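Below you'll find the structure, written out as structure tokens, and then a few comments.
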Amino acid sequence: MASSVCSISSNRLRQIIVVALILLASSCLASAKHRGNGTTTTSFHGKDELRRYRKIMAQVARLKKASSPDGDVIDCVPTHLQPAFDHPKLRGQKPEAEPEERPKVDGAAAAQEEEAVFPQAWTDGGESCPEETVPVRRTTRRDVLRSSSAIRFGMKQPRAAGVVRRDSTSDGHEHAVGYVTGDQFYGAKASLNVWSARVASAAEFSLSQIWVISGSFGNDLNTIEAGWQVSPELYGDNNPRFFTYWTTDAYQATGCYNLHCSGFVQTNNRIAIGAAISPTSVYNGRQFDISLLIWKDPRRGHWWLQLGSGPLVGYWPSSLFTHLGGHANMVQFGGEVVNTRPSGSHTPTQMGSGHFPREGFNRAAYFRNLQVVDWDNNLLPAAALRLVADHPSCYDIEGGYNRAWGNYFYYGGPGRNVRCP
């Protein structure tokens with residue numbers, strides 16, 4: 001059970017926001033080196049950077065701290081002071097009201113709608129932030145020091161221009177995904193089970209998510225992403241965590257994970273983006289899944305994130321995007337891992353449950369009830385779904401259809417094995 005910092009003063013809250021943003025954008029952490037005794041030293045380019053770093057750390061030291069079993073500290077930040085509103089296009093704004101109109105579901109599908117359940121460790125005891133505030137996972141000094149680059153902390157590594165999404169061998173990213181293309185899409189929805197995937201090194205991650213995509217796969221790629229991930233470098237542990245991401249230039253200089261930069265506007269006071277999801281699925285045991293819906297408000301044009309048919313989390317303002325300012329031309333569901341090829345062999349980092357799709361329910365990871373939102377704000381089955389695995393001997397995918405799950409697929413695998421050396 002995690003504790004939240006809900007009773008701190010307005011000045012202190014402002015201080016938290018300022019410190020967090022400085023930590024994310026600061027270039028003062030030039031590099032981190034580890035001594036033989038396990039301690040960490042930081043080198044800087046000049047006395048100005050050193051003084052700046054010490055000032056930041058002094059501010060952090062004065063902040064009120066709250067510990068939790070999973071190591072997180074959650075700060076309850078006034079909605080108008082959240083990181084989103086430091087963006088030049090959003091500065092001075094406040095969160096907009098929730099849209100009155102949600103994507104429409106036909107009668108048969110509506111009867112199968114389930115109540116949205118989204119378990120997070122920090123809310124185990126019923127904690128939430130007060131009204132007019134949002135929960136923000138605190139960024140720490142260690143978080144920044146773990147990053148390969150302080151300047152790019154909270155960002156995915158840029159992809160080489162022209163790298164094709166479905167054959168990502170050249171940049172170390174491997175996928176097992178289902179996707180639809182060739183139409184205009186205004187959102188996507190799916191339910192996916194959550195696993196504590198084993199990640200072999202801090203330089204790698206394993207995630208399962210929905211991608212809403214527009215543009216080419218060059219430098220103008222726009223994406224909106226949400227799901228769960230295990231990333232030791234970003235979070236400092238191996239817990240599966242709820243995450244969001246966005247970019248407007250193929251991960252080059254725009255966008256970030258969660259609230260690590262300005263952009264995504266959170267409106268929910270009970271869901272902490274970046275916080276651990278608990279409990280998780282158990283092999284041959286109980287399965288826990290989450291339902292996510294990303295959709296474009298037809299009136300204001302913003303892209304909203306919703307927990308299934310339940311509460312809204314927040315939105316990506318349409319002004320952030322170029323191509324996604326209109327619509328998406330591709331929707332993708334599935335898993336992704338980073339393979340650094342340690343010692344020259346394929347990584348043993350797991351995708352999904354770490355088991356192949358052929359093992360089926362209770363053993364393999366799945367996506368079910370795959371849907372897209374059309375031009376008229378209707379939720380429809382993801383027709384003509386294509387399935388592809390970059391390296392099926394390492395991570396595979398198998399799909400199907402039934403009345404209960406609609407379009408679905410199992411996916412994932414163990415990574416390194418006798419057929420994936």
Open item on the list: Let's test the formula: R0 of 45 Å, r as the Cβ-Cβ distance of Ser343 and Ala253. What FRET efficiency results, to the nearest 0.05?
Closed with: 0.85
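Out of the total accessible area of region 298-408 (probe 1.4 Å, heavy atoms of protein only), what percent is carbon and sulfur? Don't jump to the answer; show the numbers that get you there.
Working: 2130 of 4310 Å².
Whole-percent figure for carbon plus sulfur exposure: 49.
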Task: Evaluated at q = 0.12, 0.13, 0.17 Å⁻¹: base-10 log I(q)/I(0), Debye formula over Cα of region 270-326 - done: -0.41, -0.47, -0.68
Task: Percentage relative contact order, region 300-421, counting C-alpha pairs under 8 Å, at least six apart - done: 25
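State in Å² the accessible area per residue of region 328-395; use a 1.4 Å probe, count heavy atoms of protein chains only, and round to the nearest integer. Write out the running numbers ahead of the final one.
Numbers: 2460 Å² over 68 residues.
Accessible surface, normalised per residue, equals 36 Å².
Of Lys94/Lys296; Lys94/Lys156; Lys156/Lys296; Lys94/Lys189; Lys89/Lys296, which sit over 21 Å apart, Cα to Cα? Don't jump to the answer; show the numbers that get you there.
On the way: Lys94/Lys296 19 Å; Lys94/Lys156 28 Å; Lys156/Lys296 24 Å; Lys94/Lys189 27 Å; Lys89/Lys296 19 Å.
Check vs 21 Å cut-off fails for Lys94/Lys156; Lys156/Lys296; Lys94/Lys189.
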- [ ] Once every Cα of region 175-265 carries one equal point scatterer and solvent is ignored, give the base-10 log of I(q)/I(0) from the Debye formula at q = 0.12, 0.18 Å⁻¹, two decimals.
- [x] -0.42, -0.93
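Taking 10 °C and 1.306 mPa s as the conditions, I'd like the Stokes-Einstein D for region 324-421 in µm²/s, using the Kirkwood hydrodynamic radius from alpha carbon pairs. Please report the intermediate quantities before stating the final value.
On the way: Rh = 14.8 Å.
The Stokes-Einstein estimate is 107 µm²/s.
Determine the dipole magnitude for region 260-340: charges of +1 sit on the beta-carbon of Lys and Arg, -1 on that of Asp and Glu, nothing else is charged, the reference point is the Cα centre, and the result goes in debye to the nearest 20.
Around 220 debye, computed over region 260-340.
The values are calculated or read from the model by the stated rules, or taken from the named source; none is laboratory data. Note that the structure is predicted; figures quoted are calculated from it, not measured. Note that we place each Cβ from the backbone using ideal geometry, even for glycine, and neighbour counts take in every protein chain shown. Calculation scope for accessible area: heavy atoms of the full protein, side chains included, ligands and nucleic acids excluded. Shrake-Rupley method; radii C 1.70, N 1.55, O 1.52, S 1.80 Å.
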